[in-house]
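Asker: Let me begin by handing over the structure; questions about it come next.
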Amino acid sequence: MFMRKCLNILIVTLVVASASSLLAQGKAVPKVQTSAADKNEASAPVSKKAAEPVSAQPSATSMQPQPPAASVPAEGESKVDAPKAKASSAAVGEQAAPDSASTSGQQLPTSASPVLLLKAPPEPPQSTRFLERSEVPNAKPNPPTIAPAPPRPIRSAGAPLALAVVFERSWANDQGYDLFGGKSKIRQFGLWVAHDIWSMSPRVILAAEAGWAGWDEKSDYLDTDVETQLTTGSLHLGANIRYTLEPWLQPQLRVAAGVSFLEMKIASIEDNSSVTFSDRAVLPFLSLGGGVLLRTPTRLFESKTGNFASLSMGVLVEGGYTLAGVGSFSLNPEAHSDEDIEIRSVDLGKLDRSGGYLRISVVVRF
Amino acid sequence: MAKQGKLSLILLGSLLWLSAGCGRTKDPDSLNLMDPVALDKYIVYIDKTRDDAYLLDVLSKKSAPGVKTIELPRAPSLLERRKSSAVEELLVLCRGQEEEVGKPSQSAQLAVLDSQGVNRKYPLKSRFNALIQSEDGSVAILYFDESKGDESGGDLSRRNEVAIVDLASSPVEQGAKPNPVFRQLDSDDGSAPRALVISPIVSVVGQARRLAVAFFQGQVSLLDLSHLEEGRKEIKIPFNNLIAASPVLFTGSEPSANANEEDVPATMYLRSEQTDDIYIVDLPPATESKANDFWPNIKTRKSGGVASDIALYKDVQTDGASTTRLTRLLVVSQQAQKVSIIDPAGNVSYVSLGFPANRALIYHAAAPFDETIAPRALLYNDSSAVSMAGMGVSGTIGFLDLVRVQERGAQNLETKVLTEAFSPLLSLNEQDVALVYKKSGVSLLNLADRTIDPFKIGGLVDVVLDPLANNLWLPSSPGAPERIQLGFIHVDTRDPGYVLLDASVQKVIPVTSGDEQRVVVIHPSKVGYVTVLDAKEPKRDTAVSLQGFFLADVLD
């Protein structure tokens, strides 16, 4: 499209230049009265027929100042100012060529006697135009028409849904985790999903969240053949409020509640046998934390067709505190049959999961 | 871009930190348990590493067994039951924490543990490594046993120092009567005592006294434990050969309040480990100013061979119308295969045995041919059958009637040849002894009838006498796990029985509290595993196992 425009301009420029050069050689140029009809044809190429009268007339009016040549306006350009040409020709008293239906008050030369003459009606002016391709013999066929490109769709960049992989590390206040080699640290790995539910303001958004995390910690207690294992799994529901400080920087507050499933195993390996004890507990918990989400700019991944406009990735770093229930554990031997001697279990005590936590989530929003 | 790069590094580091340490983590402190012992209704384990005592209530009927953890002074190294029938206490020798850079030091202590906890602690100046008690459990002496190696950790210590502890009194650090009392036992050769013995209360110079006998390389020292506060020095008795520290016999009763009763002064009997000398040490009053108000008078007798064992017995000597009770000394010589009988006058009689006995058990009972209760001796060999291999027999025991043995000699001897050698011999009561055959069984010997009842059991682990229940416990592990059992024999009825167990046996401990009598089988386990059975009627149906008690309340 752009190339076509340039080509047309170039052609028009060449034509105008040619016409100007011919006029400059002193040939009579019929006054060209541009009318509304001619305006439409102004973009058409100048015909040879129109050029002929120009070459025949310069001798009669050579002494007269030539009216300026009527330039053919290019596509999209403004038109020639016709009354100027008429005024100049009236000033020199030349006899205008009766080739256009003029409504501008063209006057007869003052030297002519006021004799009522019957004259043949003036011939309709021959407009100059470019020849159609069909009028030109052996012309090349018209180039194929290129349909213009459809307009680019503008899709929504809103990303209400978030999916994340989370690593969490907790610091419980209970030294009982030393049994599992934890030294009061707990690790979890999991997933969570959140969906925006309310845009409280253009920058503040409330989202609902659900997630799961778990871990399996093994240890050799007291550096002996006593193996301990603590398996944790937790399900939670929560809500978070984030503030869009910048498109790529969003602090947030989060609250969640859920349950933790703990399974404890202790295996004592002896010379000829091994005994395994186990117990389980389900503990409720409530966590409160705050963090910052760093994400990619809006529409970074948007395709030309507008797909993936809402896709963004980011990292959420969050810290907080968990209030959890206290679980009681006892040593219950596994693989105990009714034929064995009655076994009385020993209470291990209570395990408290309350403590601070740090979460790092790799978030995908779309 | 620089900011994004920094952020990426921070996030990557956080992820690595979160996932770091995957896999196993280890606690450097391990349990280092001493052999468990009984204390009232508890089984007590001492953890050397954590300085804790775990008291497991085996008589509890609760669903979860009660375990008490008692904190002890630093570095417990030795555990003994106090030899007292009046109280149930354990003596725990704690060596303290030697001074190190960055660690607080703690002096050594002797902790007395009862069912309620640490009752009292006796502070010690040095990190002793050995302890000995009197037979009645009223006095204990702590000393350095050089045979145990250097456990002092390099501390500057006086190796001939001893601590005398009055266990019946509270600790007193300063004052007129400190408790413990620290003394240095000097020797002519500069060596430390290799053994210590505490005498019963005997009459010395008309007073009831208790003596400590310290054995050096070429010397025996007597320390008057009844006059420590007066600063009386010990009495050194030089010997030109090595004196055996076991047994050390004393005669001489405690002075009686009844003036009509004759006061028998104390006499001490010692044997040489290198010669056939027997030393009879009297303790008459000192004739001149000495370290103490008595001074030893030593008489030497020849036993005809290096003495393996000595024993005292009282004999009645009839001289016409008068009868005299005499204390005679029986000396057994494995080397000479004979026994010697030494009377107070120093007369020695010999009886040839014909087999290499090295132990003598004096008993008073009838005989198959004599219903009279009289002193007799069971002579046997308590070692392996190496010395008897050349004789072609695996074991021989002898019954020696001691009445008129000087006259009758070998006529008073009756020998029995057993099928195999045994070790040890356990005295069950006045009438019965048990002969233990390693890994194969026991034989119960009735001393009066001189009959032997053999009991066979494969994979014998241990033989434990339960005097209150009058049972002999015989745990065994024959190889097949399903055949692990606790065998038992009623001593009176000789009825055997067994109870199948679920795990191998490490030790068997009788526990008695009031009318409750239990037998506790200790199984090898790093978290604790015992099986408790009724001692009177042991059955699998009524047995209870307690497992994992070392982890009791570990989360708290």
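The values are calculated or read from the model by the stated rules, or taken from the named source; none is laboratory data. This structure is a prediction, so every number in the text was calculated from the model and none was measured. For neighbour counting, all protein chains shown are included, and Cβ atoms are generated from backbone atoms with ideal geometry for every residue, glycine included. Only protein heavy atoms, including side chains, enter the accessible area calculation; ligands, DNA and RNA are left aside. Shrake-Rupley method; radii C 1.70, N 1.55, O 1.52, S 1.80 Å.
Asker: Has the stretch A:262-279 got any residue that is open to solvent by 40 Å² or more (accessible area, probe 1.4 Å), on the phi < 0 side of the Ramachandran plot, under 30 Å from the mean Cα position of the chain (by Cα) and among the charged types (D, E, K, R)?
Answerer: no
Asker: What number of residues within the stretch B:91-108 satisfy the criterion of being part of a strand (DSSP E or B) and open to solvent by 30 Å² or more (accessible area, probe 1.4 Å)?
Answerer: Of the residues in the stretch B:91-108, the ones part of a strand (DSSP E or B) are B:91-94, B:97, B:100, B:103, B:106.
Checking which are open to solvent by 30 Å² or more (accessible area, probe 1.4 Å) leaves us with B:100, B:103, B:106.
Total satisfying the criteria: 3.
Asker: Right, something else. Just checking, how many residues over the stretch B:184-214 are of a type in the set (S, T, N, Q) and touching a residue at least 60 places away in the same chain (Cβ under 8 Å)? Step through it out loud before you land on a result.
Answerer: Pass one, the stretch B:184-214, residues of a type in the set (S, T, N, Q): B:184, B:187, B:191, B:199, B:203, B:207.
If we keep only those that are touching a residue at least 60 places away in the same chain (Cβ under 8 Å) too, we end up with B:199, B:203.
The number of residues fulfilling the criteria is 2.
Asker: Name every residue in the stretch B:458-493 that is in contact with a helix residue (DSSP H, G or I) (Cβ under 9 Å, 6 or more places away or on another chain) and farther than 19 Å from B:K539 by Cα, in order of residue number. I'd like the intermediate steps shown before the answer.
Answerer: Going residue by residue through the stretch B:458-493, those that are in contact with a helix residue (DSSP H, G or I) (Cβ under 9 Å, 6 or more places away or on another chain) are B:458-459, B:476-477.
Result: B:G458, B:G459.
Asker: List pairs: first residue in the stretch B:302-318 and under 16 Å from B:L400 (Cα atoms), second residue outside any strand (DSSP E or B) and not aliphatic (A, V, I, L, M) anywhere in the structure, Cβ distance under 7 angstrom, at least six positions apart or on different chains.
Answerer: B:D309/B:N358; B:I310/B:P247
Asker: Just checking, how many residues over the stretch B:60-73 are of a type in the set (V, I, T) and away from every other protein chain (no Cβ under 14 Å)? Write out each step before concluding.
Answerer: Our first condition is that a residue be of a type in the set (V, I, T); within the stretch B:60-73, this holds for B:67, B:69-70.
Still in the running and away from every other protein chain (no Cβ under 14 Å): B:70.
So the answer is 1.
Asker: Restricting attention to the stretch B:26-59, which residues are within 14 Å of chain A (Cβ to nearest Cβ), open to solvent by 20 Å² or more (accessible area, probe 1.4 Å) and not in a strand (DSSP E or B)?
Answerer: B:D27, B:P28, B:D29, B:S30, B:L31, B:N32, B:K48, B:T49, B:R50, B:L59, listed by residue number.
Asker: Given the conditions (1) at pLDDT 70 or above; (2) over 23 Å from B:K83 (Cα atoms), and given that B:L16 satisfies all but one, which numbered condition is not satisfied?
Answerer: Result: B:L16 passes all but (1).
Asker: Can you tell me which of B:D370, B:D319 is over 22 Å from B:A434 (Cα atoms), in contact with an Asp or Glu (Cβ under 8 Å, 6 or more places away or on another chain) and either aliphatic (A, V, I, L, M) or open to solvent by 10 Å² or more (accessible area, probe 1.4 Å) (or both)?
Answerer: On the way: B:D319 fails: in contact with an Asp or Glu (Cβ under 8 Å, 6 or more places away or on another chain).
It is B:D370.
Asker: Has the stretch A:265-285 got any residue that is touching a residue at least 40 places away in the same chain (Cβ under 8 Å), polar (S, T, N, Q) and away from chain B (no Cβ under 14 Å)?
Answerer: no
Asker: Next up: Consider the stretch B:206-231. How many of its residues are buried (at least 17 other Cβ atoms within 10 Å of the Cβ), under 17 Å from B:N160 (Cα atoms) and not hydroxyl-bearing (S, T, Y)? It would help to see each step written out before you state the result.
Answerer: We begin by selecting, within the stretch B:206-231, every residue buried (at least 17 other Cβ atoms within 10 Å of the Cβ); these are B:209-216, B:219-225, B:228.
Narrowing further to those that are under 17 Å from B:N160 (Cα atoms): B:212-216, B:219-225, B:228.
So of that shortlist, the ones also not hydroxyl-bearing (S, T, Y) come out as B:212-216, B:219-220, B:222-225, B:228.
Of the residues in the stretch B:206-231, 12 are buried (at least 17 other Cβ atoms within 10 Å of the Cβ), under 17 Å from B:N160 (Cα atoms) and not hydroxyl-bearing (S, T, Y).
Asker: Turning to a different aspect of this structure: Determine whether the stretch B:504-523 contains at least one residue that is surrounded by 21 or more Cβ atoms within 10 Å (Cβ to Cβ), over 30 Å from B:A86 (Cβ atoms) and of a type in the set (A, V, I, L, M).
Answerer: yes
Asker: Considering only strands (runs of 3 or more DSSP E) fully contained in the stretch B:402-444, which possess at least 2 residues that are closer than 18 Å to B:F355 by Cα? Outline the logic, then answer.
Answerer: Details: elements: B:413-418, B:425-427, B:432-437.
Output list reads B:413-418.
Asker: If we scan the stretch B:487-509, do we find a residue that is of a type outside the set (G, A, S), in contact with a Phe, Trp or Tyr (Cβ under 8 Å, 6 or more places away or on another chain) and under 19 Å from B:D40 (Cα atoms)?
Answerer: Checked against the condition, which is being of a type outside the set (G, A, S), in contact with a Phe, Trp or Tyr (Cβ under 8 Å, 6 or more places away or on another chain) and under 19 Å from B:D40 (Cα atoms), the stretch B:487-509 yields at least one hit.
Asker: Quick check on my filter: what residues within the stretch B:397-442 are in contact with a Gly (Cβ under 6 Å, 6 or more places away or on another chain) and within 22 Å of B:L312 (Cβ to Cβ)?
Answerer: Answer for the stretch B:397-442, where residues must be in contact with a Gly (Cβ under 6 Å, 6 or more places away or on another chain) and within 22 Å of B:L312 (Cβ to Cβ): just B:L413.
Asker: Further question on the same structure: If I filter the stretch B:443-454 down to residues being touching a residue at least 12 places away in the same chain (Cβ under 8 Å) and over 12 Å from B:V491 (Cα atoms), which single residue comes out as surrounded by the most Cβ atoms within 10 Å (Cβ to Cβ)?
Answerer: Here is the first cut: in the stretch B:443-454, the ones touching a residue at least 12 places away in the same chain (Cβ under 8 Å) are B:443-450, B:452-454.
Narrowing the set further to residues that are over 12 Å from B:V491 (Cα atoms) leaves B:447-450, B:452, B:454.
On the way: B:L447: 22, B:A448: 18, B:D449: 13, B:R450: 17, B:I452: 15, B:P454: 14.
Ranking the qualifying residues of the stretch B:443-454, first place goes to B:L447.
Asker: Among the residues that make up the stretch B:461-478, is at least one of them of a type outside the set (A, V, I, L, M), over 21 Å from the mean Cα position of the chain (by Cα) and either at pLDDT 90 or above or open to solvent by less than 10 Å² (accessible area, probe 1.4 Å) (or both)?
Answerer: Of all residues in the stretch B:461-478, those of a type outside the set (A, V, I, L, M) come to B:462, B:466-467, B:470-471, B:473, B:475-478.
After this cut, where a residue has to be over 21 Å from the mean Cα position of the chain (by Cα) as well, the list is B:475-478.
In the following step, the residues that additionally are either at pLDDT 90 or above or open to solvent by less than 10 Å² (accessible area, probe 1.4 Å) (or both) were identified as B:475-476.
Yes; the residues of the stretch B:461-478 include at least one that is of a type outside the set (A, V, I, L, M), over 21 Å from the mean Cα position of the chain (by Cα) and either at pLDDT 90 or above or open to solvent by less than 10 Å² (accessible area, probe 1.4 Å) (or both).
Asker: Within the stretch A:286-317, can you find the residues that are assigned to a strand (DSSP E or B), more than 14 Å from every other protein chain (Cβ to nearest Cβ) and small (G, A, S)? Please lay out each step first, then the result.
Answerer: Narrowing the stretch A:286-317 to residues assigned to a strand (DSSP E or B): A:286-295, A:312-317.
Pick out the ones that are also more than 14 Å from every other protein chain (Cβ to nearest Cβ) and you get A:286-290, A:312.
Of everything in the stretch A:286-317, those that are assigned to a strand (DSSP E or B), more than 14 Å from every other protein chain (Cβ to nearest Cβ) and small (G, A, S) turn out to be A:S287, A:G289, A:G290, A:S312.
Asker: While we're looking at this one, here's another question. So which of A:G349, A:G327 ends up being crowded, with 19+ Cβ neighbours inside 10 Å and within 7 Å of another protein chain (Cβ to nearest Cβ)? Outline the logic, then answer.
Answerer: Working: A:G327 fails: within 7 Å of another protein chain (Cβ to nearest Cβ).
Just one listed residue meets the conditions, A:G349.
Asker: Here are B:S85, B:S63: which of them is farther than 26 Å from A:F180 by Cα and part of a loop (DSSP other than H, G, I, E, B)?
Answerer: Values: B:S63 fails: farther than 26 Å from A:F180 by Cα.
Going through B:S85, B:S63 in turn, the sole match is B:S85.
Asker: Working carefully through the options B:S147, B:S203, B:S126, B:S170, find the one that is open to solvent by less than 70 Å² (accessible area, probe 1.4 Å), of a type in the set (S, T, N, Q) and not in a strand (DSSP E or B). Steps first, answer last, please.
Answerer: Values: B:S147 fails: open to solvent by less than 70 Å² (accessible area, probe 1.4 Å); B:S203 fails: not in a strand (DSSP E or B); B:S170 fails: open to solvent by less than 70 Å² (accessible area, probe 1.4 Å).
Going through B:S147, B:S203, B:S126, B:S170 in turn, the sole match is B:S126.
Asker: Within the stretch B:190-199, can one find any residue that is open to solvent by less than 50 Å² (accessible area, probe 1.4 Å), hydroxyl-bearing (S, T, Y) and at pLDDT 90 or above? First the steps, then the outcome.
Answerer: Our first condition is that a residue be open to solvent by less than 50 Å² (accessible area, probe 1.4 Å); within the stretch B:190-199, this holds for B:191-193, B:195-199.
Then keep just the ones that are hydroxyl-bearing (S, T, Y); that gives B:191, B:199.
Keeping just the survivors that are at pLDDT 90 or above gives B:199.
Among the residues of the stretch B:190-199, at least one is open to solvent by less than 50 Å² (accessible area, probe 1.4 Å), hydroxyl-bearing (S, T, Y) and at pLDDT 90 or above, which makes the answer yes.
Asker: Of all strands (runs of 3 or more DSSP E) completely enclosed by the stretch A:318-366, which ones contain at least 1 residues that are more than 29 Å from A:R169 (Cα to Cα) and in contact (Cβ under 8 Å) with a residue 40 or more places away in the chain?
Answerer: On the way: elements: A:326-333, A:342-344, A:346-352, A:355-365.
The qualifying strands (runs of 3 or more DSSP E) are A:326-333.
Asker: Now for a separate question. Scan A:F180, A:F189 and give me the residue that is of a type in the set (A, V, I, L, M, F, W, C), at the interface with another protein chain (Cβ under 9 Å from one of its Cβ atoms), closer than 16 Å to A:L316 by Cα and surrounded by 14 or more Cβ atoms within 10 Å (Cβ to Cβ). Outline the logic, then answer.
Answerer: Values: A:F180 fails: closer than 16 Å to A:L316 by Cα.
Criteria check complete, one pass: A:F189.
Asker: Could you please give the count of residues in the stretch B:313-362 that are more than 31 Å from the chain's Cα centre (by Cα) and assigned to a loop (DSSP other than H, G, I, E, B)?
Answerer: Matching residues across the stretch B:313-362 total 6.
Asker: So which of B:A357, B:A336, B:A345, B:A385 is at pLDDT below 90, aliphatic (A, V, I, L, M) and touching an Asp or Glu at 6+ places or on another chain (Cβ under 9 Å)? First the steps, then the outcome.
Answerer: On the way: B:A357 fails: at pLDDT below 90; B:A336 fails: at pLDDT below 90; B:A345 fails: touching an Asp or Glu at 6+ places or on another chain (Cβ under 9 Å).
Only one candidate passes the filter, namely B:A385.
Asker: So in the stretch A:207-224, with the set limited to residues that are exposed (fewer than 15 other Cβ atoms within 10 Å of the Cβ) and modelled with pLDDT under 95, which one is farthest from the other protein chains (Cβ to nearest Cβ)?
Answerer: Residues of the stretch A:207-224 exposed (fewer than 15 other Cβ atoms within 10 Å of the Cβ): A:208, A:216, A:223.
Keeping just the survivors that are modelled with pLDDT under 95 gives A:216, A:223.
Values: A:D216: 10, A:D223: 5 Å.
Ranking the qualifying residues of the stretch A:207-224, first place goes to A:D216.
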